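> Before I ask anything, here is the structure I am working with.
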C-alpha cells in the first residue's frame with residue numbers, strides 16, 4: 001500500500017490558549033473537530049487532554065476519566081478511528097500519562113524518544129519562555145514501553161533531532177522494540193528544522209522497515225515539508241497543535257480545513273489518503 005498516505009490530525013496540543021486560538025478543549029468540541037478532520041480524510045486522532053472549566057483550557061490534564069470521556073466521544077463521532085494519546089511530560093514522574101494509557105488503551109501513543117533543550121529566542125534577544133529540558137532518559141522510555149505492551153498500544157517514537165532518530169535504531173538493537181513506528185518532528189526551534197532538503201538525509205538513519213511520518217511545526221512554510229514527505233512515501237500529520245496556517249498563508253478555521261489541505265498534498269503526490277482499515281493494516285494494528 002505504498003500509494004496510500006495515512007493522515008493524522010493533531011487536534012489540540014498542550015498549551016495553546018483556546019481564548020485566542022481555535023483549539024478544541026471539551027469532549028464535545030474535540031469530537032466535533034475530529035469529525036471535521038475525519039470527513040476530510042484523517043483516520044488517526046492525536047489527542048492532548050486539557051483541564052475543563054472557564055479559564056482553564058490552556059492547561060494540561062492527566063485525569064484518566066477525562067481521557068476516556070474524550071476518547072469515547074471521538075470514537076462515537078468517527079467509527080473506526082485510530083486513537084493516539086500524548087504521553088509527554090517534563091521530569092521523570094509519568095504517573096499521569098500511564099494512568100491515561102491504562103484507562104483508555106489507545107491503539108497508538110506518543111513515546112518521546114530522547115531529550116531536547118526546548119528553546120526559542122524572541123527577536124528582541126530574550127527567551128520566548130525559560131529554557132527547559134524536555135527530559136526523556138532511557139529508563140523513562142522503557143517504563144512507557146512496558147505499559148504500552150500491557151495495554152496493547154503501539155508506540156510512536158517522536159524524534160526531535162537526528163541523534164534521537166539514531167537512538168531509536170539502538171532501541172531495536174537491544175530488544176526494546178521491533179519495527180518501531182517513527183514520527184519525525186521538524187520545525188521546533190531547537191530541534192530538526194522543517195527543511196525539505198534535510199529529510200532524505202534523516203531517512204537514511206531510520207531502522208529498516210519502520211513506518212514513518214513527519215510532524216511539521218510552523219506557519220505556511222511547513223507545507224513544502226509536507227509535500228516532500230508525501231513525495232518520499234511518508235505518512236502525514238497536521239492540525240492546530242502544529243500550525244494555524246493553510247498553504248496560501250491564510251489562517252485555518254480549524255482542523256477540518258488543515259486536513260483537507262493535507263489530503264490534497266497527498267493526492268498531488270499521486271497518493272490517496274488511507275482508510276482507517278488500510279491504516280490499521282499498514283501500521284500493523286490489531
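Read the figures in this text as sums done on the coordinates, not as results from a lab. The shown structure was predicted, so the numbers you read here are calculated from the model rather than taken from an experiment. So basically every Cβ, Gly included, is an ideal-geometry build from the backbone, and we count neighbours across all protein chains shown.
> Given the options 62, 127, 223, which has the most mean-square fluctuation in a GNM of the chain, springs set between C-alpha atoms less than 10 angstrom apart?
127
> Something else: With springs connecting C-alpha atoms under 10 Å apart, model the chain as a Gaussian network and identify which of 130, 180, 196 has the largest mean-square fluctuation.
Evaluated over the chain, the most mobile residue of the options is 130.
> Same structure, new question: Add -39500 (n - 2.57) for each DSSP H run of 4 or more in the chain, then divide by its residues: what number comes out at 222 nm, to the nearest 500 deg cm²/dmol?
That comes out to -11000 deg cm²/dmol.
> How are the Cα pair distances of segment 50-198 distributed, in percent, across 5 Å bins from 0?
2, 8, 16, 19, 19, 16, 12, 6, 2, 0
> Something else about it: Hey, how much of the P(r) for segment 171-286 falls beyond 22 Å, as a percent of Cα pairs?
35
> Taking the convex hull of the Cα atoms, report for segment 4-283 its projected area averaged over all directions, in nm².
Result: a mean projected hull area of 13.7 nm².
> Continuing with this model, one more query. By counting other Cβ atoms within 10 Å of each Cβ, how are 46, 28 ranked from fewest to most?
28, 46
> Shifting gears a bit: Provide the FRET efficiency to the nearest 0.05 for the residue 172-residue 72 pair, computing r from the beta carbons and using R0 = 22 Å.
0.05
> Restricting things to alpha carbons, find the Rg to Rh ratio for segment 107-190 using the Kirkwood radius for Rh.
Taking Rh as the inverse mean 1/r over Cα pairs, Rg/Rh reads 1.05.
> Taking neighbour Cβ counts within 10 Å as the exposure measure, how do 63, 268 sort from fewest upward?
So the ranking, lowest neighbour count to highest, is 268, 63.
> Ok, one more. Antiparallel as a % of all DSSP beta bridges within the chain, to the nearest 5?
15
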